[in-house]
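Q: Quick one: the structure is below, questions incoming.
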Amino acid sequence: MIERQTENFFVLSEDFRFPYSRGLMARSLMRAGLSSEEAYELASSVHAEILAEGVMEIPRRKLKQRVKGLIRKRFGKELAASYNNWKLRGEAIFVGESAEKEPFSRGILAQSLLAAGLSPDIAHGVAERMAADLSERGVKNIRRRELRWLTFRKLLSDFGKPYAQHYLIWRTLMGPDRPLIMLFCGATGTGKSSLAVEIAHRLGITRVIGTDTIREIMRGMFSRELMPSIYESSFSVWKTLVQPFGASADPVLNAFQEQCQRVNVGVRAIMRRAITENLSMIIEGVHLLPSAETSEFEKEAIVISILICTCQEDLHRGRFIGRGKDSMIRSPEKYLENFESIRKIQNALIAKAEQCDTFIADNVDFDDTVSKIIQFLTRRMGELVETDLAAYDSSGEAGKL
């Protein structure tokens with residue numbers, strides 16, 4: 001549970017400072033013998049009293065002495081002695097690198113295990129065992145990568161390789177090392193936007209941006225005379241081009257590709273910004289080509305392209321009719337009038353995706369498509385961690401990686 005505090009003070013410990021946590025304090029009080037209600041009430045009282053005095057930093061030793069005095073006053077000498085004899089081992093463990101350390105949290109670890117697909121009982125049980133193991137070893141500081149591998153080893157030894165591998169795949173996906181950037185390609189009306197939002201929700205990704213938004217931003221920077229292609233829809237942009245085509249050139253596909261090249265300047269800028277901020281995101285839109293070159297980003301991010309299509313023509317057409325009923329803004333007429341061009345663009349995208357070995361999701365049933373995409377991501381993440389797992393199997397000591 002994340003505390004929502006408008007004000008807080010910092011606890012000073014040897015080499016660094018960390019924000020006071022009522023949750024962590026309450027757990028230490030419960031270990032000393034207080035009930036959960038008593039512990040949280042006392043932890044909140046400590047927080048309020050210290051802030052009321054205008055204190056913004058307090059040494060850890062002084063905080064412990066203060067809490068001990070409050071316990072003696074409210075609950076007697078016996079519980080105060082029990083608290084004093086306890087070494088505050090849970091709070092003494094910090095996770096992170098140098099100045100970015102934060103207190104180890106069983107709740108956060110359990111949450112990551114839950115997100116990886118483990119049951120609540122297993123997730124909380126592993127978190128408790130990890131905390132106990134670290135305390136018994138006298139660990140005060142641990143790097144995130146080391147904690148990740150220790151958790152992997154605990155799952156491997158106690159619950160087997162499937163659980164351990166699932167956790168490692170998820171941590172690779174959501175870990176801080178490299179952001180995940182997913183590109184949802186596809187023609188108009190295939191359900192890219194809805195799928196992107198749902199997948200983002202499943203993965204805990206907070207940023208989803210459409211290429212139409214990027215195109216709109218570019219309109220504010222370039223006039224119609226300077227860059228006419230960004231002022232039209234993907235299926236009608238061919239009408240704006242005045243240059244003659246060769247006998248074998250398809251004006252719809254030629255103009256569409258030209259528009260994609262323009263918009264992808266903005267797409268690449270968004271990707272670069274996501275890498276700079278180390279934030280995962282999903283970009284969706286018709287302007288993303290399966291053949292787009294992303295190798296320049298692959299060392300700094302996990303880039304995965306997925307083509308969303310609707311192969312059944314009647315189902316594809318029906319989406320535009322349904323869209324018109326649900327929206328007062330989007331009229332289905334312009335889509336239906338250009339339906340042949342939309343299908344032509346989709347066929348070209350499918351052919352390119354097959355050529356580039358891009359994953360193709362035929363969106364017939366929404367829930368089924370979501371499941372297929374999640375399964376594909378799990379397999380893809382499995383490939384990314386396969387080398388690490390092989391190294392673990394051969395050495396028996398993943399912590400050395």
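We did not get these values from a lab; they are worked out from the coordinates using the rules stated. Since the structure is predicted, the reported quantities are computational estimates derived from the model, not experimental observations. Heads up, the Cβs are rebuilt from the backbone with ideal geometry, glycines too, and the neighbour counts pull from every protein chain shown.
Q: Ala81 to Asp121: extension gain in nm, 0.36 nm per residue of separation minus the Cα-Cα distance?
A: 11.1 nm
Q: Follow-up. Taking the Cβ-Cβ separation of Thr294 and Arg137 as r and a Förster radius of 41 Å, what is the calculated FRET efficiency to the nearest 0.05?
A: Here the calculated transfer efficiency is 0.45.
Q: Sticking with this one: Can you give the extra length, in nm with one decimal, that the chain gains between Glu53 and Arg202 once fully stretched, where that is 0.36 nm per residue apart less the Cα-Cα distance?
A: 49.2 nm
Q: Now for a separate question. Figure the gain on full extension for Asn347 and Glu383 (residue separation times 0.36 nm, minus the Cα-Cα span) and round it to one decimal in nm.
A: 10.1 nm
Q: In whole Hz, with x marking every Gly and Pro, tabulate ³J(HN,Hα) for region 118-124 from phi via Karplus 6.51 cos²θ - 1.76 cosθ + 1.60, θ = phi - 60°.
A: Per-residue couplings from phi come out as 7, 6, x, 4, 5, 4, 6 Hz.
Q: Step through the table entries Lys64/Lys140; Lys161/Lys299; Lys62/Lys140; Lys161/Lys372; Lys192/Lys352, compare each Cα-Cα distance with 25 Å, and write down the pairs that go over it.
A: Lys161/Lys299
Q: Let me ask something additional. Applying 1/(1 + (r/R0)^6) with R0 = 22 Å to the Cβ-Cβ distance of Ala269 and Glu333, what FRET efficiency is obtained, to the nearest 0.05?
A: 0.05
Q: Measuring from a point 7 Å past the Cα of Arg60 along Cα-to-C-beta, which residues in region 126-163 have an amide N at less than 18 Å?
A: Only 131-144 pass the distance filter.
Q: Which distance in nm do the two modelled labels at Gln355 and Arg153 give, with both placed 7 Å along the Cα-to-Cβ direction?
A: The answer from the label model is 4.9 nm.
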